[in-house]
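This report refers to the structure that appears directly beneath it.
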Amino acid sequence: MAWSRGSVNKVILVGRLGRDPEVRYTPAGDAVAEVSMATSEMSKDKNGETKEKTEWHKLVMWRQRAEYAKEWLKKGNLIYVEGKLRTREWEDKDKQKHTKVDIDVDQVTLLAGSHGKDKDAVEPEVPPAPHEGGDIPF
């Protein structure tokens, strides 16, 4: 893990997948998976009513983790992820600037009781790997 004087870029989330992972391949043959993940918080308003607030996160997984996502992860699964925030900026053909913030996933674990394939399956955890970031080349 690279350290920069006094700063840390680390995200830890537990939540449910909003859709099946979308897996593509770079021209070099590297797998890239993108998926949305929801995290929710419960709170009470001033009238004592319980309210749920949901945040959506875009996860990006590279290579081995992307293949893991393709094989094991499905809409509705409860997962644990660790990663870092990545801001991507680009300009479209109309010269409009766009910014997108993703979570570049370093580790993903499908949590017990949320297996899509076999309720008794135990899948391998994908260990953290050296930084695989960079722009998504498509």
How long is the gain from Lys44 to Lys58 if the chain were fully straight, where each residue apart is worth 0.36 nm and the alpha carbon distance is subtracted? 2.3 nm
Whole-percent pair-distance distribution, where bins are 10 Å wide, for the alpha carbons of segment 1-42: 20, 29, 35, 15, 0
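Grab the eigenvalues of the alpha-carbon gyration tensor for segment 1-119, scale each by 5, take roots, and send me the semi-axes largest first in whole angstrom. Numbers along the way, then the final one.
On the way: eigenvalues 134, 95, 54 Å².
Computed over segment 1-119, the values are 26, 22, 16 Å.
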Amide H contacts under 5 Å for Lys75, placed H, 5+ residues apart: Asp20
May I ask for the Rg/Rh ratio of segment 29-93, computed from Cα atoms with Rh as the Kirkwood radius, given to two decimals? 1.12
For Lys74 and Asp94, compute 0.36 nm times the residue count separating them, minus their Cα-Cα distance, and round to one decimal in nm. 3.6 nm
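Since every read-out is calculated from the coordinates, none of them should be taken as a lab result. Not measured: the values here are computed from a predicted model.
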